[in-house]
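Handing you a structure now.
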Amino acid sequence: MNTAADIFDHAMNLSTEDKTLLVEKLLLSLQRELPLSDEWLVEIDRRVQKRRSGESQPISQTQVHREIEALLE
């Protein structure tokens, strides 16, 4: 059975469109499993719409790590 880390590593090789679709499906599955407040549902929808419209651009895991390390120096 694949671990979450295995799935994540595989997902990082997906296209941006496929990653977005995967995130949407995961969020929907959580919505069914965990009670989310209306405020969180609105925020999730806002972020998905920004991503779909191109207003929000993804950054790589490597870039995130670089930025965090720069803040910690």
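Would you mind ranking Thr20, Thr3 so that the residue whose beta carbon has the fewest other beta carbons within 10 Å leads the list?
The most exposed by this proxy come first: Thr3, Thr20.
Still on this structure, please answer the following. Which residue, chosen from Ser15, Leu30, Ala70, occupies the Cα position most advanced towards the positive end of the dipole of the chain, where the dipole is computed from +1 (Lys, Arg) and -1 (Asp, Glu) charges on Cβ about the Cα centre?
Sorting the options by dipole projection puts first Ser15.
Let me ask something else. For the residues Met12, Met1, what sequence is obtained by ranking on other C-beta atoms within 10 Å, fewest first?
Met1, Met12
Say each of Gln57 and Leu41 gets a label point 7 Å from the Cα, pointing the same way as Cα to Cβ; how far apart are those two points in nm?
Result for the modelled spin labels: 3.3 nm.
Still on this structure, please answer the following. Relative to the Cα centre, what is the charge dipole magnitude of the chain, using +1 at the beta carbon of each Lys and Arg, -1 at the beta carbon of each Asp and Glu, and rounding to the nearest 20 debye?
Values: 9 positive and 14 negative charges, 49 e Å.
Approximately 240 debye in magnitude.
Which one is right for this structure if Cα Rg over 2.2 N^0.38 Å is calculated from it: [x] 1.96; [y] 1.39; [z] 1.29?
[z]
What FRET efficiency comes out for Ser29 versus Arg66 if R0 is 25 angstrom and r is the Cβ-Cβ distance? Round to the nearest 0.05.
0.20
Laboratory data are not the source of any read-out in this text; all were calculated from the coordinates shown. In this text, all values refer to a predicted model and were calculated from it rather than measured experimentally. Positions of Cβ are backbone-derived with ideal geometry, glycine not excepted, and every protein chain shown enters the neighbour counts.
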